[in-house]
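One structure is given here, and the rest of the page talks about it.
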Amino acid sequence: MGLVTGLEILAAARAGGYGVGAFNTNDLEITQAIIEAAEEARSPVMLALSEGALKFGGPALVEICKYLGGGAKVPVAIHLDHGSSFASCMRAIRLGFTSVMIDMSHADEATNVAETKRVVEAAHAVGVTVEAEIGRLGGIEEHVNVSAEDATLTNPVEAERFMSESGADYLAVAIGTSHGAFKGKGRPFIDHARLRAIAAVLPQPLVMHGASGVPTALVERFRAAGGVMGDAIGIHEDDVRQAVTEGIAKINTDTDLRLALTTRVREVLASKLEEFDPRKILGPARDEMKRVVAERMHVFGSAGKA
Ligand code: G3H
Ligand code: 13P
Ligand code: ZN
C-alpha cells in the first residue's frame with residue numbers, strides 16, 4: 001500500500017463513519033510501534049511529526065517514516081503536525097510529507113484564511129493535502145499558553161466560511177479537548193452539539209486534537225514505577241466514539257504514547273537494575289506503545305478497514 005495523502009485516508013474515514021489515528025512520532029521505536037500496530041490491526045494510519053520532532057530527529061526521522069510507512073501493508077500518510085508557517089509546510093513537503101497542517105488558529109480570521117490558502121495552493125500543486133484549524137484549543141499550544149477559560153470553541157458559521165475561502169482539505173475543530181495529560185478537573189466536557197452543527201455544514205473530514213485517553217492504569221503504573229504526575233485526565237473513550245459518529249475522522253494522539261514509553265522504561269529500569277542493553281529497555285517500551293496504538297485503532301473503528 002505505502003504512502004498516500006492524508007485526504008485519501010480521511011475522506012474514506014468520514015464517508016465510512018470511522019476515525020483514523022494520527023500518532024505523533026519522534027524516533028525509530030515509536031514509528032515501528034505505530035506501523036506494526038497498524039499492519040496487525042489492518043488499519044490506515046497517519047504518522048504525525050511536529051516541528052519539535054523534526055528538530056529532534058532531523059531528516060533521518062523523516063527517512064525512517066518514509067521507509068517504514070512506504071513499505072507498510074496498509075495506507076500511511078506522513079503528516080506535519082501544527083506547522084507554524086508557510087516555510088515550515090514547504091520544508092515538510094520537500095522532505096516528502098504527504099499531508100501538512102498549517103496552524104494559524106492563533107491569528108485573526110483574515111490572516112488564517114490568507115496563510116492557509118497560500119499553503120493549500122502550493123501543496124495541492126504537488127499532490128499534498130492540507131489540514132487547517134479554526135478556534136483555539138485549551139491547554140498548551142505551541143505558540144501560546146491558552147487556559148481552558150481562554151479557549152475559543154469553533155463557531156460553525158465561521159468554520160464554513162473559513163473552509164470555502166481557504167480551500168483546506170480537513171479541519172481541526174476546538175470542541176473542548178486540549179493537549180497534554182491534564183485535560184480538566186474531572187471528565188472534560190466535549191461539545192457534541194457544536195460538533196454536529198459544524199459537521200452539518202462541512203462535508204470535509206474533521207480533526208480532533210488533544211484526543212489522548214490518558215489511561216488511568218498507565219498513570220498508576222507510571223506513579224508506581226517512581227514517576228510523579230498530578231491529576232492526569234484524558235478524553236473518555238465514549239466521547240471519542242461518539243465524536244466519530246458526528247464527523248471526526250482524524251484523531252490525534254501523542255500523550256498516550258509518551259506515557260506508554262516512559263512508564264515501560266521506568267518499570268524495566270526499576271526491576272532490572274543490572275540492565276544496560278538499550279534493546280532490552282526500548283524493546284518493551286515499543287511493545288507497550290504498540291499495544292496502546294492497537295487498542296485505540298479498535299476504539300476509532302479503523303481496525304479492519306485496510
Ligand atoms: O500537539 C502537539 C503534539 O503533542 C506535539 O508536541 O510539539 O512537543 O512535539 P511537540
Ligand atoms: P494529546 O496531547 O491529547 O495526545 O494530543 C496530541 C495532539 O493533538 C497532537 O497534535
Ligand atoms: Zn494538536
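The values are calculated or read from the model by the stated rules, or taken from the named source; none is laboratory data. What you are looking at is a predicted structure, and each value in this text was computed from that prediction instead of being measured. Because the Cβ atoms are built from the backbone with ideal geometry, glycine has one as well, and the counts that use them run over all protein chains shown.
What the table shows:
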{"item": "Residue check, Ala306 part of a helix (DSSP H, G or I), surrounded by 15 or more Cβ atoms within 10 Å (Cβ to Cβ) and touching a Lys or Arg at 6+ places or on another chain (Cβ under 8 Å)", "result": "no"}
{"item": "Selection status of Met101, surrounded by 24 or more Cβ atoms within 10 Å (Cβ to Cβ) and not small (Gly, Ala, Ser)", "result": "yes"}
{"item": "All positions within the stretch 156-197 that are assigned to a loop (DSSP other than H, G, I, E, B), β-branched (Val, Ile, Thr) and away from ligand 1 (no atom under 16 Å from the Cβ)", "result": "Ile190"}
{"item": "Unmet criterion (only one of (1) in a helix (DSSP H, G or I); (2) farther than 26 Å from Leu282 by Cα; (3) touching a residue at least 12 places away in the same chain (Cβ under 8 Å)) for Ala87", "result": "(3)"}
{"item": "Ile35, sole failed condition from (1) more than 16 Å from ligand 1 (Cβ to nearest atom); (2) closer than 18 Å to Arg258 by Cα; (3) free of Cβ contacts under 8 Å to residues at least 40 places away in the same chain", "result": "(3)"}
{"item": "Residue match in the stretch 173-181 (condition: away from ligand 2 (no atom under 13 Å from the Cβ), buried (at least 22 other Cβ atoms within 10 Å of the Cβ) and at pLDDT 95 or above)", "result": "no"}
{"item": "Failed item, numbered, when Asp254 is tested on (1) free of Cβ contacts under 8 Å to residues at least 40 places away in the same chain; (2) closer than 18 Å to Ala38 by Cα", "result": "(1)"}
{"item": "Top-ranked residue of the stretch 205-236 - restricted to ones that are surrounded by fewer than 15 Cβ atoms within 10 Å (Cβ to Cβ) and assigned to a helix (DSSP H, G or I), ranked as farthest from ligand 1 (Cβ to nearest atom)", "result": "Ala224"}
